[in-house]
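Q: Structure below; questions to follow.
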């Protein structure tokens, strides 16, 4: 009996150790430097070959991004909170290089949002402007880049629907854009797993044949 209690105490101690909650750990700096290497920027050139836009992105997504809820609908993968594709890859910075002075350093775009999550870049027809979206914790915003001044600004407080189709469409006058927005009176989604029913589900048979 003594041995039985001793084994029971050992098993309980091992179980308590196995259930200990641990935070995510980072490897040593030497290993991290080998894995988390800054990626070369993507390059977008205007047709006149006057401006080169450099857009940067992180190599890996964060734990927060990977753990977000994903809704699936007819092949779409949707983030129900921000209303953009849940598997969208975002850019984190933008710079401009003037092609008439290749010896100069790229110009950092001023006015970008804090912690940029940039996507859906779209030239204006004259390629003097570029519209893009920035995704924050609440939704998708519409932003504008002025290539001449190398500055960016938010155009509206409306929240965009970036789940499908062309998110940004320029008019020919280069002064207006057409976007799809989320209704301001949009109701929150109902999650069946956590929703509390308000009453029973009742099925009625009135003697009619059911459709096949």
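Each value in this text was obtained by applying a stated rule to the coordinates, not by laboratory testing. Everything numeric here is computed off the predicted structure, so don't read it as measured data. Note that each Cβ is placed from the backbone with ideal geometry, even for glycine, and that neighbours are counted across all protein chains shown.
Q: With label points built 7 Å along Cα→Cβ from the Cα atoms of residue 89 and residue 43, find their separation and express it in nm.
A: 1.8 nm
Q: A further question on this structure: Full-extension gain between residue 164 and residue 98, please, as 0.36 nm times their residue separation minus the C-alpha to C-alpha distance.
A: My answer for the length gained is 20.4 nm.
Q: What is the order of 126, 206, 46, fewest Cβ neighbours within 10 Å to most?
A: 206, 126, 46
Q: Pull out the extension gain between residue 146 and residue 204, defined as 0.36 nm times the separation in residues minus the alpha carbon to alpha carbon distance; nm, one decimal.
A: Full-extension gain reported as 14.7 nm.
Q: Going by how many other beta carbons lie within 10 Å of each one, how would you line up 203, 86, fewest first?
A: 203, 86
Q: Pop a pseudo-label 7 angstrom from the Cα along the beta-carbon direction at both residue 61 and residue 74 and give the gap in nm to one decimal.
A: For the pair residue 61/residue 74, the computed spacing is 2.3 nm.
Q: Which part of segment 136-164 falls in the paramagnetic zone of residue 110, meaning amide N under 13 Å from the point 7 Å along Cα-to-beta-carbon?
A: Correct set: 146, 148-153.
Q: Let me ask another. So between residue 174 and residue 36, what do we pick up on full extension, going 0.36 nm a residue minus the alpha carbon distance?
A: Length gained between residue 174 and residue 36: 45.7 nm.
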